[in-house]
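The structure under discussion appears below in the form of structure tokens.
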Amino acid sequence: MKLTSFKDLKVWQLSSQLSKEIAQLVKTFPRAERYELADDLLRAARSIPANIPEGFGRFHFGEKIQFYNIAKGSTLEVQNHVIEAMNNGYIIADAQANFSKRYHVVEVKLNNLISSTAKARKKYATKRSSR
């Protein structure tokens, strides 16, 4: 299947759905957390589906990989913030485990996207050097 849009990427679809769920989750946090943990968590969650299209739209492989790595770092940031939310009693352990598992899937898919982009870069470089 040829990708014609970042929206065709399963990793973008998953991360976009999770971002929506995080937006709903932070609404349940105490008011005192509105500009602290809730804001940090929401920004990190939104960073993932935002950086995937940023990378997808770049022409150079290195830039693509850079943005996919930023998205990957944000998945780990979200996982940390969700653990913090659980530690502070804002969510239960089952919810934290569910989010962590799902964000781990996104992380693995980003690793695969990074690897395939790196392979494409190598293939392209080999093709150019043999001309």
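No value in this document is a laboratory result; all are computed from the given coordinates. From a predicted model like this one, the values you see are computed outputs, not experimental measurements. FYI the Cβ positions are ideal-geometry reconstructions off the backbone, even for glycines, and counts take in every protein chain you see.
Relative to the longest principal axis of the Cα atoms of the chain, the long axis of helix 10-26 makes an angle of roughly 20 degrees.
Going by neighbour counts of Cβ atoms within 10 Å, the residues V78, V105, V11 line up, fewest first, as V105, V11, V78. Working from Cα pairs under 8 Å separated by at least six residues, relative contact order for the stretch 8-122 is 28 percent. Using every pair of separate Cα atoms, the Kirkwood estimate puts the hydrodynamic radius of the chain at 15.6 angstrom. For the stretch 29-107, GluC sites (Glu not before Pro) are listed when DSSP marks them as loop and at most 14 other Cβ atoms sit within 10 Å of their Cβ; the list is E36. Here the chain is assigned +1 on the Cβ of each Lys and Arg and -1 on the Cβ of each Asp and Glu. Its dipole about the Cα centre then comes out at about 1160 debye.
Label reach from E36 (point 7 Å along Cα→C-beta): in the stretch 74-91, amide nitrogens under 16 Å belong to 81-91.
Helix 93-129 and the longest principal axis of the C-alpha atoms of the chain enclose an angle of approximately 10°. Taking each residue as 0.36 nm, the span from S100 to H60 lengthens on full extension beyond its C-alpha to C-alpha distance by 11.2 nm.
Straight-line reach from K101: taking Cα to Cα under 15 Å and skipping same-chain neighbours fewer than 8 places apart, the aspartates and glutamates in range are E21, E77.
For a quick check: sort K72, K2 by the number of other beta carbons within 10 angstrom, fewest at the front.
Details: K72 22, K2 4.
Taking fewest neighbouring Cβ atoms as first place, the list is K2, K72.
For the pair N87 and E21, label points projected 7 Å from Cα toward Cβ lie 2.2 nm apart. The C-alpha atoms of the chain define a longest principal axis, and helix 37-56 lies at about 10 degrees to it. Of all segments of the chain bounded by chymotrypsin sites (Phe, Trp or Tyr not before Pro) found in a DSSP loop with no more than 15 other C-beta atoms within 10 Å, the longest spans 60-131.
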